[in-house]
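In what follows, a structure is listed as structure tokens, so that the remarks can point back to it.
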Amino acid sequence: MAERELIQASTEVDASPASVWEVVSDLRRMGERSPQCKKMFILRGPVSEGTVTVNLNNRGPLWWPTTSKVTRFERERVLAFHVPINGTTWTYELEPTATGTRLTESRRVKAPGKAISNFLVNRFMGGVPAFEAELQRGIEETLARIKAEAERAPTTA
């Protein structure tokens, strides 16, 4: 049973929303940023609302595929994708600030979550509380990597 409907973190990025968006919206490079999602394969065309991905995830010796569908794509504002097998929605929100961009990443799931997902997490990933704590750390790590990349990038007007 999912215990936390919302897991999220934010960071301040010293880069324009356009620069941060270039990093966030490049889903093909998700594996370079996420400690769990090692690869996202984009099915057909550029990323936009409705885009479907096939994802390869990893945790220790465990590897598993998922699919997702982009449900929101508002340039320089919001990118969200839904993962049907576990009922989660992952969202990146960008907000302009005086010095750059506030970037928030969140994972939402309606409690109690999908039965199959809960079973697998409890059986193979140490239980829901431990896994959700790991997801929190993973979000923070992903945001740190996006921040570092966006702040190294040339300024986008």
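Laboratory data are not the source of any read-out in this text; all were calculated from the coordinates shown. Everything numeric here is computed off the predicted structure, so don't read it as measured data. So basically every Cβ, Gly included, is an ideal-geometry build from the backbone, and we count neighbours across all protein chains shown.
Provide, for the chain, the number of lysine pairs with alpha carbons under 22 Å apart, each pair being eight or more places apart or on different chains.
Number of lysine pairs found: 6.
Net length available on complete extension from GLU12 to ARG123 is 36.3 nm, with 0.36 nm assigned per residue and the Cα-Cα distance removed. What you get for region 3-143, charging only the Cβ of Lys and Arg (+1) and of Asp and Glu (-1), is a dipole of about 680 debye around the Cα centre.
Mean residue ellipticity at 222 nm, helices only, the chain: -9000 deg cm²/dmol; runs of at least 4 DSSP H residues each add -39,500 (n - 2.57), and the sum is divided by the number of residues.
Near THR71, the amide H atoms lying under 5 Å from its own belong to GLY50, ALA80, PHE81, HIS82; only residues 5 or more places off or on other chains count, and H is placed 1.01 Å from N.
Computed from Cα atoms, the angle from the helix 115-124 axis to the main principal axis of the chain rounds to 80 degrees.
Quick one, what does Rg over Rh come out to for region 87-157 if you take C-alpha atoms and the Kirkwood Rh? Value, to two decimals: 1.11.
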